[in-house]
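Data first, discussion second: the structure below is written as structure tokens.
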Amino acid sequence: GSAARGALVINEIAVKPGAGRADWIELLNRSGEAIDLCDYFITDSLDRLDHYLHLAGAPPPELCEPSLLAAGDYYLVVADDDLAAGGNHAPFKLGVADAAHLVSLRGEAMDSLIYLYPPDAEGMSLSREPNGDGLFWLAEPSEGQANPGGQR
């Protein structure tokens, strides 16, 4: 992944988080203002329309009630391919060689991470260092909190 550029970014990814837990993707609002999640999708495959999760739960053309993520807050997407679980559960799982893309309603890739997860990294995450801004490094998971810093 490259350095973060937008207000809403992919901040951390956990593939094989261990103890029977589902994979997850953490988003962070880096801006000083609330962001409406109605304007975004998350996917692991830009060319598979069945792998898109609308972050506010009401993809176009449905009416999306504003779903605001406050400044500095985190949003966790559970990548378990279990849409029946509702809300933040994505219609895909993450693989050890995969990607995560944050996409706007206009079809722009707002942030992306293409990765090859290390074989000995079960229970670890790929997280931005420094939190919300830097490149991705292997680290202890910190879902919903500031990243503690990675192992370079």
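Rule-based calculations on the coordinates, nothing more; no lab input. Please read these numbers as outputs of a predicted model, since none were measured by experiment. Using ideal geometry, Cβ is built from the backbone for each residue, glycine included, and neighbour counts are taken over all protein chains shown.
Taking interchain pairs and intrachain pairs at least six residues apart, which have beta carbon atoms under 8 angstrom, with the first residue in segment 103-122 and without any contact (Cβ under 8 Å) to a residue 40 or more places away in the chain and the second small (Gly, Ala, Ser)?
116/97
Would you mind stating whether residue 130 is more than 20 Å from residue 23 (Cα to Cα) and out of contact with any Gly (no Cβ under 9 Å at 6 or more places or on another chain)?
Here the answer is no, as residue 130 does not meet what is asked.
Inside segment 106-121, can you point out the residues that are surrounded by 14 or more Cβ atoms within 10 Å (Cβ to Cβ) and either part of a loop (DSSP other than H, G, I, E, B) or on the phi > 0 side of the Ramachandran plot (or both)?
Listed by number, the residues that qualify are 117, 121.
Out of the residues in segment 135-152 that are assigned to a loop (DSSP other than H, G, I, E, B) and within 15 Å of the chain's Cα centre (by Cα), state the one that is surrounded by the fewest Cβ atoms within 10 Å (Cβ to Cβ).
Filtering segment 135-152 for residues that are assigned to a loop (DSSP other than H, G, I, E, B) and within 15 Å of the chain's Cα centre (by Cα), the one surrounded by the fewest Cβ atoms within 10 Å (Cβ to Cβ) comes out as 145.
Kindly evaluate residue 71 against the criterion of being without any contact (Cβ under 8 Å) to a residue 60 or more places away in the chain and farther than 18 Å from residue 132 by Cα.
Judged against the criteria, residue 71 is not a match.
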